[in-house]
2 protein chains.
Amino acid sequence: MVRWEPGARERLQAAALELYAARGFEQTTAADVAESVGLTERTFFRYFADKREVLFDGQDRFEQAFLDGVAAAADGASAIDTVTAALRHASAFFPDERRPWSRQRQAVISANPGLQERELLKMAALAEAVAGALRERGLVEPQASLAAHACVTVFGVAFRQWIAVGEERSLPDIARGVLDELRVLTGSAP
Amino acid sequence: MVRWEPGARERLQAAALELYAARGFEQTTAADVAESVGLTERTFFRYFADKREVLFDGQDRFEQAFLDGVAAAADGASAIDTVTAALRHASAFFPDERRPWSRQRQAVISANPGLQERELLKMAALAEAVAGALRERGLVEPQASLAAHACVTVFGVAFRQWIAVGEERSLPDIARGVLDELRVLTGSAP
């Protein structure tokens, strides 16, 4: 009895973000989102567990992009080269056409403490997953944790820059630059 | 009408940690804690807003230790020297006699997802506070955020090592070593 709605997921996501940005996340219901694109609340819940999930959908693929990058590093690659590979893979997950969506999503999250917490916990879980993947490649502690946190920190800083008003560089380019800044910070570059 | 109980705060904290460790955090009430040291639930709530606060009491002083370290760095100190000063100050906040308490506290937190989240959010807030202090000293982005996150990551990794079974080095010593490892990671040391 469940009718398949072509493109429903994407329409719901776009509509949700618009409404969250315009009215506020708390003030928007799943039914509001569904109705705004001519769908029912029931259809909404067929795609998303709740209205928060619209913003965090795709976390598994996001995390997997980092892990694929770790896996793609050459055998015996140094920790920093492995981190570099992970950042390259993960940042390619955000082509420039996603920038407007990412920018608006971040604005919605920044306006809501509960969503901010969820985002922080997502990034913490990501760091743990990357550290685990690095240990599986034979890295020992504390290098695995340091490298994983460095990776997530560089990504986070680069991502914030990528969605800044007026920024036009690609995320992979920015991430490379931020990684270089980390080297400068710790004294390995002039 | 409020009777002052000498040492009540410390007795409640010690009793709470014992009970959380023995019975589980969820299974222990504020009344259980108070009764175990001959105090009333009302007295408990005079010192702590809820049973979780027993574990997170002192966060302001903890954060302040980092900020004092930042402030103590020489004018014009490099970002990494400022981070080093912050780590030195903050790790001195945990003398070896606190190690058993810190170890047991971490065991309680690790056993409870809600407490883990609270701890992660505390560390994220700390990174933001340190980044703000670095910007006030004139550091620009992305250096301020990178340095602040490096500081908090090094502290977190060092802290976990400090409370590891059998570890006998002091937290300041371990933190220095982890900071050196970060230099190795990014390629600035052999």
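The values are calculated or read from the model by the stated rules, or taken from the named source; none is laboratory data. Everything numeric in this text was worked out from a predicted model, so none of it was measured. Cβ sites come from the backbone with ideal geometry, for glycine too, and all protein chains shown count toward neighbours.
Would you confirm whether or not the range A:91-111 contains a residue that is within 14 Å of chain B (Cβ to nearest Cβ) and not aliphatic (A, V, I, L, M)?
Yes.
Between residues in the range B:113-131 that are within 12 Å of B:CYS151 (Cβ to Cβ) and residues that are assigned to a helix (DSSP H, G or I) and polar (S, T, N, Q), which pairs lie under 7 Å by C-beta distance while being six or more apart or on different chains?
Filtered contacts from the range B:113-131: B:ALA131/B:SER145.
Being touching a residue at least 12 places away in the same chain (Cβ under 8 Å) and under 20 Å from A:ALA107 (Cβ atoms) is the filter here; which residues of the range A:51-69 pass it?
A:LYS51, A:ARG52, A:VAL54, A:LEU55, A:PHE56, A:ASP57, A:GLN59, A:PHE62
Of the conditions (1) outside any helix (DSSP H, G or I); (2) surrounded by fewer than 19 Cβ atoms within 10 Å (Cβ to Cβ), A:ARG88 fails just one. Which one is it?
The failed condition is (1).
Among the residues of the range A:21-40, how many are exposed (fewer than 14 other Cβ atoms within 10 Å of the Cβ) and assigned to a helix (DSSP H, G or I)?
The total comes to 2.
Closer than 24 Å to B:LEU115 by Cα, part of a helix (DSSP H, G or I) and more than 14 Å from every other protein chain (Cβ to nearest Cβ), is that true of A:GLU63?
It is true that A:GLU63 is closer than 24 Å to B:LEU115 by Cα, part of a helix (DSSP H, G or I) and more than 14 Å from every other protein chain (Cβ to nearest Cβ).
Given the criteria of a type in the set (A, V, I, L, M, F, W, C), outside the structural domain of A:ASN112 (by TED's automatic domain parsing) and in contact with a Leu (Cβ under 9 Å, 6 or more places away or on another chain), does A:ALA92 qualify?
For A:ALA92, the condition - of a type in the set (A, V, I, L, M, F, W, C), outside the structural domain of A:ASN112 (by TED's automatic domain parsing) and in contact with a Leu (Cβ under 9 Å, 6 or more places away or on another chain) - is not met.
What number of residues within the range B:152-173 are of a type in the set (A, V, I, L, M), closer than 11 Å to B:ARG99 by Cα and part of a helix (DSSP H, G or I)?
1
Within the range A:129-160, can you find the residues that are of a type outside the set (A, V, I, L, M, F, W, C) and either more than 10 Å from chain B (Cβ to nearest Cβ) or crowded, with 18+ Cβ neighbours inside 10 Å (or both)?
Listed by number, the residues that qualify are A:GLY132, A:ARG135, A:GLU136, A:ARG137, A:GLY138, A:PRO142, A:GLN143, A:SER145, A:HIS149, A:THR153, A:GLY156.
Scan the range A:48-107 residue by residue and report those that are aromatic (Phe, Trp, Tyr) and touching a His at 6+ places or on another chain (Cβ under 8 Å).
A:PHE66, the sole residue that qualifies.
Output the residues belonging to the range A:161-183 that are within 8 Å of another protein chain (Cβ to nearest Cβ) and closer than 21 Å to B:THR84 by Cα.
Result: A:VAL178, A:GLU181, A:LEU182, A:ARG183.
For the range B:114-127: of the residues being more than 13 Å from the chain's Cα centre (by Cα) and more than 10 Å from chain A (Cβ to nearest Cβ), which is farthest from B:LYS51 (Cα to Cα)?
Among those residues, the one meeting the criterion is B:GLY114.
If I ask for residues that are loosely packed, with under 15 Cβ neighbours inside 10 Å and in a helix (DSSP H, G or I), which ones from the range A:72-85 would you list?
Within the range A:72-85, A:ALA72, A:ASP81 meet the criteria.
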